[in-house]
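Q: Quick one: the structure is below, and I'll ask about it shortly.
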Amino acid sequence: MRVSNIKSFLDPAEAIFWIDPKVWQTIVPYKFRHPPTVTANGIYQFRGGKNTHLEITVDGANGIDYDFLGKTLPFDRVAARLLFTDDRLQIVDLRGALLSGTVRGNADISLARNDPHYRANVSVSAIDFPHLTDLYYNYQTAHGQLSGTYDFTGLGSDARTMRGRGKVEVTNGNVFAIPIFGPLQEF
């Protein structure tokens, strides 16, 4: 099936059943507050064919809630380009607003049966550090802004398989004042 400039204002988790129900698990963690503007172009081959090349752009101007490492991150707005090919989803040029800062990223996610691996990178800038530490550590007296990068791989939704590297910077604050990071101050 060839699609050309198809626009939708439906919730992606509901609409994906029309295209390919097996992709639903990949889409459902992205909880749009209001349906985004979605534009689709390309070819989708049904019944396991190997010629799928479908590009979807998503503009969620009203924001999303995304579950990450057991907590819900509230993005004020988000936009990205998704490229579906055979057994693969690439998320390219992800841009969003999170906790008064910005997020950018890319991901390469396997959709192949019995192969749940993924690779991604994310960069954040000027994230409200007190809000983030309260969300993840229930620590309410932090100060500053968080910026950094993280490149990682993993298997499905099992956070224990995540492996990566990154760097983080807190400006106008003290990361070592948080109990979990305090012991690192001596290094």
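Q: So how much accessible area does SER100 have, in Å² to the nearest 10, using a 1.4 Å probe?
A: My reading of the accessible area for SER100 is about 100 Å².
Q: Counting helices only, and only those DSSP H runs with n ≥ 4, report the 222 nm mean residue ellipticity of the chain as the sum of -39,500 (n - 2.57) divided by its residues, in deg cm²/dmol to the nearest 500.
A: Helices in the chain give a 222 nm mean residue ellipticity of -3000 deg cm²/dmol.
Q: For LEU111, what accessible area in Å² do you get when you roll a 1.4 Å probe over the heavy atoms of the protein chains, rounding to the nearest 10?
A: It works out to around 30 Å².
Q: Once you place label points 7 Å from the Cα toward the Cβ at TYR44 and ASP11, how far apart are they in nm?
A: Taking the simple label geometry, TYR44 and ASP11 are separated by 1.8 nm.
Q: Quote to one decimal, in nm, the extra length available between VAL92 and LEU69 on full extension: 0.36 nm per residue of separation minus the C-alpha distance between them.
A: Full extension from VAL92 to LEU69 adds 6.1 nm.
Q: Still on this structure, please answer the following. Probe radius 1.4 Å, ligands and nucleic acids left out: which of LEU10, LEU132 has the largest accessible area, and how do the rest follow?
A: Heavy-atom accessible area, descending, gives LEU10, LEU132.
Q: Still on this structure, please answer the following. Please calculate the 1.4 Å probe accessible area of ASP151, with all protein chains present, and give it to the nearest 10 Å².
A: 90
Q: Here's another thing I want to ask about it. Would you please give the residues with an amide H less than 5 Å from that of LEU99, counting only those at least 5 places away or on a separate chain, with H modeled from the backbone geometry?
A: ASP76
Q: So if R0 is 35 Å, what FRET efficiency would TYR150 and THR37 give, r being the distance between their Cβ atoms, rounded to the nearest 0.05?
A: With R0 = 35 Å, the Cβ-Cβ based efficiency is 0.80.
Q: Moving on. Express the relative contact order of the chain as a whole percentage, based on alpha carbon pairs under 8 Å and six or more residues apart in sequence.
A: Over the chain, the number comes to 12 percent.
The values are calculated or read from the model by the stated rules, or taken from the named source; none is laboratory data. This structure is a prediction, so every number in the text was calculated from the model and none was measured. All Cβ positions, even for glycine, are placed from backbone atoms using ideal geometry, and neighbour counts span all protein chains on display. The area values use the complete protein model at the heavy-atom level, side chains included, leaving out ligands, DNA and RNA. Shrake-Rupley method; radii C 1.70, N 1.55, O 1.52, S 1.80 Å.
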